[in-house]
Amino acid sequence: MVLTVSRVLYCSPSGNMMNSTLYSTLQPFTRPELSELLERRIDVLYSFEMKNADNTHKEWKLQWCQGKVVRVYNNRAKPMVCVLWDAMPDCEGYETPKETDQALLPSKWNKEVDGAWRMDIDIVDDDNAEDEEMEDCNESSSIDESKEESEDEMSESDSNEESCDDNN
C-alpha cells in the first residue's frame, strides 16, 4: 500500500520530518507474529547521539530506522529477527545498508519508546500531490464536459433524424 501525503512531519533517514502518529495510526490493529515478518519491512525506534544545529554539543534523539526482515529466529529467549537496514546517509557510521539482529519485544509494538517497532508503511511525501490531483481533476472535468457536449450534439442530431423520419 502506498499513500500520498503532503506536508507531514516525521524523522526519516533522509532527515525529512513527518508526523509519527500518522504511521502509528496506519498500523495493523494486532501485532504481527514473527513468522509473518519474513521479507517484510519494519521500522524500529532507536536513540541516536546527534550534534545540535550549531555543532556545539551532542544530544540524544529518537529516530525511526527502516529495514527488511531477512531472517526470523525461532526458539530464542527474546523474539529475534535479522534485519537488513536501509542506508542512512545523514548518520555517521550508517551510510551503507547493514544486517543486524533485532529483538522485537511484544511490549514495544507500535509505541514511541527506544526499541519500539512497527510495520513500515510506504508514504510518498509529495508537496505537489495536491496540484497534480487538481490537474487530473481539471483534465477529467474537461473530458467529461466535452463528452457531454458530444452527447448533446448526438442527441440533437438524433432528434433531427427522428423529425425527418416523421416527415417521411
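Where a number appears in this text, it was derived from the coordinates with a stated rule and is not lab data. Because the structure is a prediction, the values reported are computed rather than measured. Because the Cβ atoms are built from the backbone with ideal geometry, glycine has one as well, and the counts that use them run over all protein chains shown.
Points to keep in mind about this one:
- Going from the residue with the fewest nearby Cβ atoms within 10 Å to the one with the most, C82, C65 rank C82, C65.
- Fully extending the segment from N110 to N75 would add 10.3 nm, taking 0.36 nm per residue of separation and subtracting the current Cα-Cα distance.
- Annotation for Q66 and L22: the two label points, set 7 Å from Cα along the Cα-Cβ direction, are 1.2 nm apart.
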